[in-house]
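First comes the structure, then the notes that go with it.
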Amino acid sequence: MTDKIINTIEIYGMINKDDSITVALSGGADSVCLLMVLKELSKCLDFTLDAIHINHCIRGEESDRDENFCRDLCKKLGIPITVMRADVPAAAAKAKKSLEETARDIRYETFKNHAGKNGKIATAHTLSDNAETVILNLARGTGLKGLCGIPPVRDNIIRPLIDVTRQQVEDYLNEKNQGFVTDSTNLSDDYTRNRIRHNIIPEILKINGGFYKTFSAGQKILKEENSLISDYAESAYKNCQNGKDKISGLDKYPDAVKKRIVSMFLNDNNLPVSYDKINSVSSLSEKNGKINILKGIYITGKNGVITVNQENEKITEAQVPLKIGRNFIFKNKVLIAEENKNGDLLIDLDKVCGTIILRNRRYGDKIKLSGRSFTSSVKKLLNENIPSEKRSFIHFLSDDLGLIYVEKIGVADRVKVTGESIRILSVTTEDVI
């Protein structure tokens, strides 16, 4: 099995010399196997190895048991481990998402932060996981991309076990006399994936005992074909772009490429993507019309040009005098103001005229940004830099002469900090979970 994993690593270029690899360690069989195999390979492939465990605080004592197991295993193997705790049930309730989705979001955000710019995260997805994912995608409705399943490499995420089955993993651990922990939720058919694992896969194996071998071969063919179409579609999308919120010339491409272009266009504008929406927007390349895509946002087609438009919604004004410390005008965001400390943006307090007001946007807002010789429309700046669904939740600071700060955009030139500044206000913003 180790030879197969080495082959996978080489085929997909997963690990290079001097890489820093972090194993996402749950304590289950797959991640324990991954940790042990990479421990074996770290010397011959010349990379550094550590582990990260996230306690989701979902299963009480069982979650704590898993954490302790991971700590003990890493100590035994001489591998550094980082343990993070996240209250997933509380986060799921606030976000109004499922536990499964929330846990996944937290995991990957934590992985991203831990790995930093140059590190890689190794997750223990197996060929068995991949088969379950494809069946799940089929049941929910999917295109070619969904049939390709779990990618072996995505950004800085690598999956060295993607060509081995769960049974091969357990056989390896038995051979090494290495135990692992079992998540009790994996035994229940309350989760869709578990029903596929416990009921559908066994029936498929009765029909074709070599299912995993044929599935793996089919996956390689699908990935090659999907990669070809994706490369073509990405090139075509660039040719169709007229700025972030406009595309044209779709009629030059076949339907399969046209729909991928529309999907990328919707994604780039942070709009919902579905089969029906892709078809509706694609049709606008052939006729003039208008489609409501999201509350307050519509897409128009005119003379072959497809454009995202935002309706002029009524803005409910919110404002408070700025105070040093934490300031709130939105439910899930905070603006933190501090004197003489480093922050995202700095303002010279001695150049401020009158009282600083924290507020949301207003129609007609303009600002002359630091380092610029001209005044800009805030609406244009927001449209160019901020996703449409976030524009109503941007912090603004103004004084008696007008705007001095726009979150994620910058500060006004007239209050910028210089080498002669004495009283400096630092401004940072944070999401409140």
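How far, in nm, would the chain grow between LYS76 and GLU109 when pulled straight, counting 0.36 nm per residue and subtracting the alpha carbon separation?
9.1 nm
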Residue-wise HN-Hα coupling along region 414-421, computed from phi with Karplus coefficients 6.51, -1.76, 1.60 (Hz; x: Gly, Pro): 6, 10, 5, 7, 10, x, 9, 5
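Just add up the charged neighbours of ILE150: K/R +1, D/E -1, any other residue whose Cβ is under 14 Å from the Cβ of ILE150.
After counting each charged neighbour, the total is +3.
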Residue pairs, from the table LYS17/LYS120; LYS252/LYS302; LYS223/LYS252; LYS145/LYS223; LYS145/LYS290, whose Cα atoms sit over 18 Å apart: LYS223/LYS252; LYS145/LYS290
Interchain or long-range residues, amide H under 5 Å from TYR405's placed H: LEU397, ALA412
Candidate aspartates and glutamates for bridging to LYS220, where Cα separation is under 18 Å - those fewer than 8 sequence places away on the same chain excluded: GLU10, ASP129, GLU132, ASP163, ASP231
Sequence-distant lysines (8 or more away, or on other chains) whose Cα lies within less than 19 Å of LYS351: LYS323, LYS341, LYS366, LYS368, LYS416
Using alpha-carbon coordinates, inclination of helix 166-176 to the longest axis of the chain, degrees: 70
Reciprocal of mean inverse Cα separation for region 219-310 (Kirkwood radius, Å): 13.3
J(HN,Hα) series, region 70-87, from Karplus relation 6.51 cos²θ - 1.76 cosθ + 1.60, nearest Hz, glycine and proline x: 5, 4, 5, 4, 5, 5, 5, 8, x, 10, x, 9, 10, 10, 10, 10, 9, 7
Evaluated over the chain, the Cα radius of gyration and Dmax, each in Å: 26.2, 79
Separation of the SER184 and ASN199 label points, Cα + 7 Å toward Cβ, nm: 2.3
Nonlocal amide H pairs with ARG423, under 5 Å, H built at 1.01 Å: LEU349, ASP350
Estimated 222 nm signal from helices in the chain, with DSSP H stretches of n ≥ 4 weighted -39500 (n - 2.57), rounded to 500: -12000 deg cm²/dmol
In order through region 14-28: 3J(HN,Hα) via Karplus (6.51 cos²θ - 1.76 cosθ + 1.60), integer Hz, x for Gly, Pro: 6, 10, 10, 4, 6, 5, 10, 10, 10, 8, 7, 9, 9, x, x
Ordering of 76-89, 124-137, 295-308, 161-174 by burial proxy (mean other Cβ atoms within 10 Å per residue, highest first): 124-137, 161-174, 295-308, 76-89
Long-range amide H partners of VAL417 with built H, under 5 Å: ASP348
For region 409-424 versus region 53-112, the gap between their alpha-carbon centres in whole angstrom: 42
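FYI, it's all coordinate maths here, none of it is from the lab. Please read all numbers here as calculations on a predicted model, not as lab measurements. Note that we place each Cβ from the backbone using ideal geometry, even for glycine, and neighbour counts take in every protein chain shown.
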